[in-house]
1. How high is the relative contact order of the stretch 65-106, in percent, counting Cα pairs under 8 Å that sit 6 or more residues apart?
2. Which ³J(HN,Hα) values in Hz, rounded to whole numbers, follow from the phi angles of the stretch 257-264 under the Karplus curve 6.51 cos²θ - 1.76 cosθ + 1.60, where θ = phi - 60° and Gly and Pro get x?
3. At 1.306 mPa s and 10 °C, plugging the Kirkwood radius over alpha-carbon pairs of the stretch 35-105 into Stokes-Einstein gives what diffusion coefficient in µm²/s?
4. So how much slack lies between Tyr99 and Arg123, counting 0.36 nm per residue of separation and subtracting their Cα-Cα distance, in nm?
5. Could you order the peptides 114-120, 216-222 from most to least packed, using the average number of other C-beta atoms within 10 Å per residue?
6. Tell me, what HN-Hα J-couplings in whole Hz come from the Karplus equation 6.51 cos²θ - 1.76 cosθ + 1.60 at θ = phi - 60° for each residue of the stretch 214-222, using x for Gly and Pro?
7. Report, ordered by chain and residue number, the lysines lying within cross-link reach of Lys25, taken as a straight Cα distance under 17 Å and ignoring same-chain residues fewer than 8 apart.
8. By per-residue mean of other Cβ atoms within 10 Å, what is the highest-first order of 140-149, 162-171?
Amino acid sequence: MTSEYSAGRDFISGAKINYFHHALKHLTSYAIHPSINVLSNVCRIADLGTQTAIWPTDVVETISTGTKFHVDGFDISDKFFPPSAWLPENVKLYIHDIYQPFPEEFKGQFEVVHLRLFLTLSRQQVVQILQNALELLKPGGCIQWMEHDKTDMTIMEVTANSSSTANQAFNELQLNPFPNYNARWVLDIGSTMTSVGLEVLAEDRIPTKPWLLPQMNELHLLALMDIPQGLSSAVDEFCEKHLQGLQEEYQNGVATIDGFICVVGRKP
Ligand SMILES: C[S@@+](CC[C@H](N)C(=O)[O-])C[C@H]1O[C@@H](n2cnc3c(N)ncnc32)[C@H](O)[C@@H]1O
């Protein structure tokens, strides 16, 4: 996670992540990946980097199996935490830096650890996070990690020969929005899970479906609005030259198909 993310604008950042959650659920039809068998009557889950706690509240409120879910959400900041009085009684939120070991009371307590949308991380950061996540899991427990995959973006035009200049510039920007950004890190999550001793159960690459493009277009625009001026010269330059054009191209049926990746690893 880069500092660029945490510099986002409060309510736009919150709205963006909540909207992302609903779009991803719409795209995948799951909050918990189908390779994860929840066999017990009670399932305890840790959500690392929970932000607005949209994923935990969805899990405990909408999954209708015989299982009772309890989700503990952890984040380095409580800036986006809803007031505890608004949370379901089986969601609890804590401030914790996930690069640091978790307190003893949480170790070995969880069937599932969930991570999602960390923007960009180095392999070393992924190793550190996975090692701390492994300590939270019971034997046989699973880590589910979903990320935006910007490594294979293609442009889709409803009408042939429509102008796509702004979409092309946006795709280039997505590969390099900040110094030291590496879009390809998401492709290494699976091999890093293997290197820390997890058995990879699933590594799904999920392209955006055409019916989701209007929402993805709005999310792209929200993400650009969420980056304050002066934080990234590449983003500032893009907005000055292409933001208006990008909106017009979206209205003309020109959009980018980008994707998501979901990796599931099981602790032996
Ligand atoms: C883009 S948000 C994703 C929110 C959530 N995972 C979701 O998908 O709905 C990333 C979150 O990770 C949190 N985060 C970043 N670094 C962290 C750290 N070292 N420890 C705990 N949380 C961290 C940020 O504060 C932010 O809330």
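A short reminder: the numbers here are calculations on the coordinates, not readings from a lab. Not measured: the values here are computed from a predicted model. Because the Cβ atoms are built from the backbone with ideal geometry, glycine has one as well, and the counts that use them run over all protein chains shown.
1. 46
2. 8, 10, x, 9, 10, 10, 10, 10
3. For the chosen part, D equals 124 µm²/s.
4. Working: separation 24, 0.36 × 24 = 8.64 nm, distance 1.29 nm.
Separation in residues times 0.36 nm, less the Cα-Cα distance, equals 7.3 nm.
5. Working: 114-120: 21.4, 216-222: 17.9.
In descending order of packing, they fall as 114-120, 216-222.
6. Those phi angles translate into x, 5, 5, 4, 5, 5, 4, 5, 4 Hz.
7. Lys16, Lys209
8. Descending packing order for the listed peptides: 140-149, 162-171.
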